1. Give me the percent of accessible area attributable to carbon and sulfur for the chain, probe 1.4 angstrom.
2. Using only the alpha carbon atoms of segment 119-179, find the Kirkwood hydrodynamic radius as the inverse mean reciprocal pair distance, in angstroms to one decimal.
3. Just to be sure I understand the curve: with the Debye formula and one point per C-alpha of the chain, what is log10 I(q)/I(0) at q = 0.08, 0.11, 0.19 Å⁻¹?
4. Would you please give the residues with an amide H less than 5 Å from that of residue 158, counting only those at least 5 places away or on a separate chain, with H modeled from the backbone geometry?
5. Rounded to whole Hz and in sequence order, give me ³J(HN,Hα) for segment 124-140 from the Karplus expression 6.51 cos²θ - 1.76 cosθ + 1.60, θ = phi - 60°, writing x for Gly and Pro.
6. Helix-only estimate, please: 222 nm mean residue ellipticity of the chain, summing -39500 (n - 2.57) across DSSP H runs of length 4 or more and dividing by its residues, to the nearest 500.
7. Return the sequence-ordered ³J(HN,Hα) values of segment 144-152 in whole Hz as given by the Karplus equation 6.51 cos²θ - 1.76 cosθ + 1.60 applied to θ = phi - 60°, using x for Gly and Pro.
8. Report, in debye and to the nearest 20, how large the dipole of the chain comes out about its Cα centre when Lys and Arg carry +1 and Asp and Glu carry -1 on their Cβ.
Amino acid sequence: MTSSAGSAALGDRVRLPLRFDVAQMCADVDALALREFIYYDVLPLTAPAHLVDPSRPPPSTDCNDYADGTWTEWLDTGALNEASYLRSVVETFRAHTRVTLVRLLRLEPGAVVQEHTDPTLGLDVPDSVIRLTVPIVSPEEVCFLLNGSPVPMQPGECWYLRLCDPHAITNGSAVVRVNLTIDMEPNAWVRALLADAV
């Protein structure tokens, strides 16, 4: 089966057969004592090696496209080193494929992320990564629309979303929405995991 045929069979969203402990993830997020923010906040849990360890030289290439993680080595930031359970979630995937950018994404109550596309984030985009999303705090009033249709993501679940398609998010709740996102190379193990979930 070709990768494009496999992707077509997947559709634009797949809930993976993985579940992570919401209480432990929330405890890690709380322990990080994240700063106040307005609208939208991104906390890198991994970063290019030279940004984490200044003794490392920057990449010889000018490429800094985070959707193509091949241009650099990725290291855990101090935040991930402090978050033992979140690190174990990341290790679930590192045991099988190359993980690049990992982040905590926070969206304030009442905030809206307008419809947009991430052109490099799809299973069949050449020389790119895919992004998996693990909701940590996601009340029912949070609506993630992909191709105009809600994705019923629940805390602790793990989802592949074809983010090169149009998507938008509304946090209609009174609390901060928190997601963990994990970018990785879609190797044979990742593709098999996705195919088995369909």
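The values are calculated or read from the model by the stated rules, or taken from the named source; none is laboratory data. These numbers come from a predicted model, not from an experiment. Cβ placement follows ideal geometry from the backbone for every residue including glycine, while neighbour counts extend to all protein chains displayed. Surface accessibility is based on the protein's heavy atoms, side chains included, excluding ligands, DNA and RNA. Shrake-Rupley method; radii C 1.70, N 1.55, O 1.52, S 1.80 Å.
1. About 53 percent, which is the carbon plus sulfur part of the accessible surface.
2. Kirkwood hydrodynamic radius for segment 119-179: 12.3 Å.
3. Calculated log10 I(q)/I(0) at the listed q: -0.26, -0.50, -1.54.
4. Those lying under 5 Å, H to H, from residue 158 are 16, 18.
5. 9, 7, x, 6, 10, 10, 10, 10, 9, 10, 10, x, 10, 10, 8, x, 4
6. Details: 6 runs with 48 residues, N = 198.
That calculation yields -6500 deg cm²/dmol at 222 nm.
7. Going residue by residue, I get 9, 9, 10, 6, x, 10, x, 9, x Hz, with x marking Gly and Pro.
8. Approximately 300 debye in magnitude.
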